[in-house]
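Note sheet for the following structure.
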Amino acid sequence: MTSILCYYTNTSPQIQQIHLEKNSHLSLDRIVFPGEKFIFESLPEGLLEIYTYTATGLQLLQTIGCLRLQVHQRHSAELEN
């Protein structure tokens, strides 16, 4: 199956941890600082889990389908307009 290029921006004022299951043998975990943008590859059916740190540990904040995070390229003719 073909991977898609995705991006996520941490728009919150808090440090977040993201988790993505790439397949049964490979996953991605990353710390994303406030305002930081993160580009990654995923399968179209992938789900990005976003966690925040609380006094009791990590708490799941949101799950986003990677299709919603897909980067869409513009053709050079579109950029000239």
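The values are calculated or read from the model by the stated rules, or taken from the named source; none is laboratory data. These numbers were taken from a predicted model, which means no experiment stands behind them. For neighbour counting, all protein chains shown are included, and Cβ atoms are generated from backbone atoms with ideal geometry for every residue, glycine included. Quick note on the areas: whole protein, heavy atoms, side chains included, nothing else; ligands and nucleic acids left out. Shrake-Rupley method; radii C 1.70, N 1.55, O 1.52, S 1.80 Å.
Which one is right for this structure if Kirkwood radius over Cα pairs in Å is calculated from it: (i) 13.8; (ii) 12.5; (iii) 15.0?
Answer label, from the structure shown: (i).
For the range 9-50, evaluate the Debye formula with one uniform point scatterer on each Cα (no solvent term) and list log10 I(q)/I(0) at q = 0.18, 0.22, 0.23 Å⁻¹, rounded to two decimals.
Debye curve over Cα of the range 9-50, log10 I(q)/I(0) at q = 0.18, 0.22, 0.23 Å⁻¹: -0.51, -0.72, -0.77.
Arrange the peptides 4-10, 55-61 so that the one whose residues have, on average, the most other Cβ atoms within 10 Å appears first.
4-10, 55-61
What is the distance, in nm, between label points placed 7 Å from the Cα along the Cα-to-Cβ direction at GLU41 and at GLN73?
Taking the two extended label points, one gets 1.4 nm.
With springs connecting C-alpha atoms under 10 Å apart, model the chain as a Gaussian network and identify which of THR63, THR52, THR11 has the largest mean-square fluctuation.
Judging by the Gaussian network model, the answer is THR11.
When the helices in the chain are scored as -39500 (n - 2.57) per DSSP H run of 4 or longer and the sum is shared across all residues, what 222 nm value do you end up with, to the nearest 500 deg cm²/dmol?
Numbers: 1 runs with 5 residues, N = 81.
Only helices count here, giving -1000 deg cm²/dmol.
Suppose accessible area is computed on protein heavy atoms with a 1.4 Å probe; arrange ILE18, ILE39 from highest to lowest.
Descending order: ILE39, ILE18.
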